[in-house]
1. Taking into account only those residues within the range B:80-110 that are more than 7 Å from chain A (Cβ to nearest Cβ) and crowded, with 21+ Cβ neighbours inside 10 Å, which is nearest to the chain's Cα centre (by Cα)?
2. Just wondering, is there one or more residues in the range B:70-93 that are among the charged types (D, E, K, R) and without any contact (Cβ under 8 Å) to a residue 60 or more places away in the chain?
3. Does the range B:156-175 contain any residue that is more than 12 Å from every other protein chain (Cβ to nearest Cβ), on the phi > 0 side of the Ramachandran plot and modelled with pLDDT under 90?
4. Scan the range A:111-149 residue by residue and report those that are closer than 19 Å to A:LEU163 by Cβ and more than 8 Å from chain B (Cβ to nearest Cβ).
5. Would you confirm whether any residue within the range B:210-220 is surrounded by fewer than 13 Cβ atoms within 10 Å (Cβ to Cβ), more than 10 Å from chain A (Cβ to nearest Cβ) and over 21 Å from the mean Cα position of the chain (by Cα)?
6. Determine, yes or no, whether A:ALA88 is in a helix (DSSP H, G or I) and closer than 18 Å to B:TYR19 by Cβ.
Amino acid sequence: MKDKSWKPWALLAPSLTAVFFLLVVPICFVIVYSFWLRAPSGADIPAFQFGNYAKFFEDFFYPSILLSTLRVAFETVILCLIFGYIPAYFFYKTTSRFKPFLMLIVMLPFWISFIIRTLSWINILGDSGLINHLLLKFHVISSPLAMLYNEGAVIMGLLQYLLPFMILNIYVSLDGIDKSLTEAAKSLGCTEWQAFKEVTLPLSMPGVSAGCLLVFVLTCGTYLPPMILGGPGNEMIANLIFKRVIGTLDWPFGSAISVILMVLLMVIVYTYNRYMGIGQIFKTLSNES
Amino acid sequence: MKKFISGWSLIRLFTLLVYIWMFTPIIAVVILSFNPQQFGSFPMEGFSFKWFVKLSHNSTILDAFKNSLVLGSCTAVLATGFGVPAAMAFIRYEFRGKEFLNTLLIAPIMVPEVVLGVALLLFIRWLQQPKSFALLLIGHVVLTLPYVLLIVQARLVGIKKEYEEAALSLGANPFQTFREITFPLLAPAIFAGMLFAFTISFDDVTATLFWATAQNQTVPVKIFGMLRNSISPEINALGTVMIILTVSIPLFAGYLARRFAKGK
């Protein structure tokens, strides 16, 4: 048997090189830049100081955006859970002969562009959108209701973006449950509800928590729904980064906010991994095809 | 029993309502794109293809489409070209630091896209390179690589190592073994990975907005730019084209895969 130990490394070389130079190194640059100074002229000056972080925490403006991001993410997770579990359970339980078609419907939202799904809410909630149009037509109201550019609209957009992830995660986890377990519970005298509560629900928890984590992380990293559907007060942490980097070209401060966001998410993912294991998410993602 | 039936019908009704809620805005986009009226809103005042015709005369949009298609295809090819060998390494070989490296290659999923966008742009700026098509391409490869890896790995676990070993012991060289044994068995996963990479690349806007320029736009970036002056019937029409395209590609691919499987 000749020595083949170089082989896996040869196979891995392209991806490792790509991820190292295009992910690891750039993120190190973000960390380094977050300590740099920005000259009034706009030039970046290499330095090692914590001014950018101090600036973030010096008054309540930035931390309050951080807090409201966490609040919106938390609300989105809860709503996704409520509106996601029941459909996932339906797709798991249904014996309809249209099941392949129903599964297609589960996947369909993933194939529709995120930006279109987000802006589509303008057609529904806007001043001349569907809801106002119908209410005006039937004389329920005399002037359009302002439903856009507030937190509700942002959450609508986020929910529509993220609910499919939650449903898929819970469905995959439910689908892995041995159906004879609930049969056994029922034959031992459990009602349908008891069998669900005692057997199915606990066994679906890995999918539930994986879905929650994914929704939380994705909410924290997106700026599009607040930008398109939100008002000035609905900015989230990712909007700050976008504005600093693309708008004012303040790289050091933008980098510092990025680092704060990454550290926050790392703490959350680490805590999650500690208690739940990260494997479930990857299991579902590889099922998405 | 009667109670269960009413419980089940409630579940069905709830699911139906959730999906009506989810698809109503999308259907509204499609319907409004046929509204000849100037402001792209309700009520419908007739039916016309005029916004689609107008789109087809808009050269920047056509360029964006061409860009998106080329970018998506290149991304799909590169991401699978990188991902498939890596998946082989993880599933077929034992080596030090495997767990860690596997996590590292899947890490881009867990990095917020906005940070990914900033990081790569910052790096390119430090290298004093201009934003270009190449930047979009490498960025999209990093974005999609983890998905390709996960899909191919999941499939490879299910392919018995014995087939490959048999081919090798019968005198095939490793490359022949891959071409004749592993590749045909793995083809559905490679195909799925490419498709997935293509759709992610075609759709992506969060990170792409950092990397794109006026000359190198993708369709979603173009839509984002058009949104600056509120929603217009043209955006709805462009949205409709995107929806038809991104939904029909996987459907068609699935159909082909099924026919292919039957033909065997």
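The values are calculated or read from the model by the stated rules, or taken from the named source; none is laboratory data. Here the structure is a predicted model, which is why all the values come from computation and not from measurement. Cβ atoms come from the backbone with ideal geometry, glycine included; neighbour counts cover every protein chain shown.
1. Among those that are more than 7 Å from chain A (Cβ to nearest Cβ) and crowded, with 21+ Cβ neighbours inside 10 Å, it is B:THR80.
2. No, the conditions are met nowhere in the range B:70-93.
3. Within the range B:156-175, one or more residues are more than 12 Å from every other protein chain (Cβ to nearest Cβ), on the phi > 0 side of the Ramachandran plot and modelled with pLDDT under 90.
4. Passing the criteria: A:THR118, A:LEU125.
5. yes
6. Answer is yes for this residue.
Table: residues versus (1) over 30 Å from B:TYR19 (Cβ atoms); (2) of a type in the set (A, V, I, L, M, F, W, C).
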site: A:PRO14; (1), (2): yes, no
site: A:PHE21; (1), (2): yes, yes
site: A:CYS28; (1), (2): yes, yes
site: A:ILE31; (1), (2): yes, yes
site: A:TRP36; (1), (2): yes, yes
site: A:TYR62; (1), (2): yes, no
site: A:PHE74; (1), (2): no, yes
site: A:CYS80; (1), (2): no, yes
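Here's the yes/no breakdown for (1) at pLDDT 90 or above; (2) over 30 Å from B:GLU45 (Cβ atoms); (3) part of a helix (DSSP H, G or I):
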residue	(1), (2), (3)
A:THR76	yes, yes, yes
A:GLY84	yes, yes, yes
A:PHE101	no, yes, yes
A:ASP127	no, no, no
A:HIS133	no, no, yes
A:HIS139	no, no, no
A:PHE165	yes, yes, yes
A:ASN169	no, yes, yes
